[in-house]
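The values are calculated or read from the model by the stated rules, or taken from the named source; none is laboratory data. Bear in mind the structure is a predicted one, so any value in this text is a computation, not a measurement. Here Cβ is always computed from backbone atoms with ideal geometry, including for glycine, and neighbour counts include all displayed protein chains.
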Amino acid sequence: MSFKIIKENGSARLGVMETVHGVIKTPVFMNVGTIAAIKGAVSALDLEEIGCQVELSNTYHLHLRPGDKIVKTMGGLHKFMNWKRPILTDSGGFQVFSLSGMRKISEEGVVFSSHIDGRKIFMGPEESMQIQSNLASTIAMAFDECVENPATYEYAKNSMERTVRWLRRCKAEMARLNSLPDTINKKQLLFGINQGATFRDLRIENMKMTREMDLDGYAIGGLAVGEPAEVMYDIIEAVEPYMPKDKPRYLMGVGTPENILEAVYRGVDFFDCVMPSRNARHGHLFTEDGIMHILNAKFETDDRPIDESCSCPACRNFSRAYIRHLFKAKEMLAMRLCVLHNLYFYNKMMENIRLALEEDRYEAFYKEKTKKYTQRV
RNA sequence: GUGGGUAUAGCUCAGUUGGUUAGAGCGCCAGAUUGUGGCUCUGGAGGCCGUCGGUUCGAAUCCGACUAUCCACC
C-alpha cells in the first residue's frame, strides 16, 4: 500500500492510494453496499457506470447472512459480488450498537442479539478481524465502540480507552491472519478509528495513542450521531493536526454534500454515507441546483430529467414525471433509478472536488457549491 | 315490478341509550432521514353526515317521503 499527497489547498488534500485491488483517487466517497449489494437493485455492474471507486460492505451483516465462511468458500467478497476494485468492510462495531436492542459490552467484546432471528452472538476485536479476513476486503476497519450522543465525559473516556485496547488486539490479530497460508487477501489493510464523543481532549488523547500503532489509515468515528454540524467540524479541526499527514483520513458515516465539502476543507480524504442511497429510496434527490423531492406534486407533469446537467442513467433517459409516477406506483424501478442518480451525483461531486484541488481553487469551489447544494429545487 | 339492505373525508368504514368544534385506516399535500432492518417518524389539508320534511331544548343517530345504489325474487 502506498498513499501519496499530490496537492494541498490549505488543509484539503488531493491524493492517490494504491492497493492490491487498484488505485483510489482521494478525496473519495465510498458507495455503501452493506450486504454486498447496493439497496435498490443496484449491482456491481452498475457501480462502474456511476463512477464508484470503492464499495463498502458490512462485517456484521455479512457475518449473519450469508456467513463470512460461506463468502470465503465462494472465493471472497470480490469474487462473490463480482467487483474487482477496492472494498472497505466496516467492522460491525457500529451495528452492534445501532441495530441490536439487547447487547452487553465487556472488555472482551460485545454480546448482542441478531436483528434477523434474535440469537445471541459474540463479537470482539479478534472475531471482527477474522470475519473481515474471510471476506477478504481491501481495507478492514478496527472494531470500536460508537458512543451514543450525548455521552457523559466519564463514559466517553472509558469507552475511548477500551477502543484503543481493542485496536491493539485488532492489529495483532490481523498480523496473525495475514500470515496464514489460506488467507485470501494477505495484504489486507487496517484503519484505526478515533473516538471520544464530543470532547476535544479525549479525541486528541485518543488520536495520539492511535497514531502510535502505525496503521494504514485513520478514521474519525462517532460523529454525525445527532450533534450539531458545527460540533462535528470542531472535532475534526481538533483532531486533524494529530493525524499522520502521509496516511488517508476517513470520516465515517458522513454525510450531506455540505458536510463532505466542509470536511474535505478540513483535511479528510475518505467518506461513506447511506444518505444518497437511503434518501433516494424515499424520493429525496441531490442535484446541482439543490435538494429535490421527486414526490412533490409540482413534478407531476415535469418533462425534464431530475438534473439537466447530469449524465447518469436516470437523467439520460427518463423524466421527473415518469420517475414520480414510478414512486407513486411503488415500482422498484423508481428506487433503482433514484439510487443510481444520487450515487452518480456523489461520485461526480468528489470528482469535481478533486479537479478543484488539482487546479488550486478548492476554497472558492466549496463555498460556491455549499450554497447551491443546500437550496431547494 | 315486489321484498330487504346501504347512503358519514378522495377510498373503505367507525360513530355508545339522541348531548359541545363528527373520527380511524388508507390515499393526498409537506417535512425529517448521516460507519442502511427497502424502514420509520413528524406535521397539514379535506365532510351541508344522500335530499326534503317531521319529532325534540338538542338529530349523523328517531320517524316519513324522495333519490341513488346493492342483493334476492318475479
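Computed quantities for the displayed model
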quantity	calculated
Set A:R324, A:R281: member being more than 25 Å from the chain's Cα centre (by Cα) and either of a type in the set (K, R) or within 8 Å of RNA strand B (Cβ to nearest atom) (or both)	A:R324
The one condition in (1) within 11 Å of RNA strand B (Cβ to nearest atom); (2) of a type in the set (A, V, I, L, M); (3) more than 17 Å from A:L190 (Cβ to Cβ); (4) surrounded by 19 or more Cβ atoms within 10 Å (Cβ to Cβ) that A:V71 fails to fulfil	(1)
Of the criteria (1) assigned to a helix (DSSP H, G or I); (2) more than 11 Å from RNA strand B (Cβ to nearest atom); (3) surrounded by fewer than 21 Cβ atoms within 10 Å (Cβ to Cβ), which one A:C315 fails	(3)
Qualifying residue in region A:229-244 (condition: small (G, A, S), within 27 Å of A:G22 (Cβ to Cβ) and within 16 Å of RNA strand B (Cβ to nearest atom))	no
Helices (runs of 4 or more DSSP H) completely within region A:74-181 that count 2 or more residues being modelled with pLDDT of 90 or more	A:77-81, A:125-135, A:153-178
Yes/no for A:T34 being among the hydroxyl-bearing types (S, T, Y), under 17 Å from the mean Cα position of the chain (by Cα) and more than 27 Å from A:R266 (Cα to Cα)	yes
Unique residue being in a helix (DSSP H, G or I) and over 25 Å from A:G255 (Cα atoms) when the list is A:H341, A:H325	A:H325
Region A:211-265: number of residues that are β-branched (V, I, T), crowded, with 21+ Cβ neighbours inside 10 Å and farther than 16 Å from A:I139 by Cβ	6
Condition check for A:K348: modelled with pLDDT of 95 or more, closer than 18 Å to A:P27 by Cα, among the basic types (K, R) and within 21 Å of the chain's Cα centre (by Cα)	yes
Test: residue in region A:25-40 that is more than 16 Å from RNA strand B (Cβ to nearest atom) and within 21 Å of A:L251 (Cα to Cα)	yes
Which numbered condition A:T183 fails, given (1) within 15 Å of RNA strand B (Cβ to nearest atom); (2) in contact (Cβ under 8 Å) with a residue 40 or more places away in the chain; (3) hydroxyl-bearing (S, T, Y)	(1)
Of the criteria (1) within 30 Å of A:E18 (Cβ to Cβ); (2) more than 12 Å from RNA strand B (Cβ to nearest atom); (3) surrounded by 17 or more Cβ atoms within 10 Å (Cβ to Cβ), which one A:G124 fails	(1)
Matching residues in region A:283-309 - criterion: being buried (at least 19 other Cβ atoms within 10 Å of the Cβ), under 22 Å from A:C273 (Cβ atoms) and not small (G, A, S)	A:L285, A:F286, A:T287, A:M292, A:I294, A:I306, A:D307
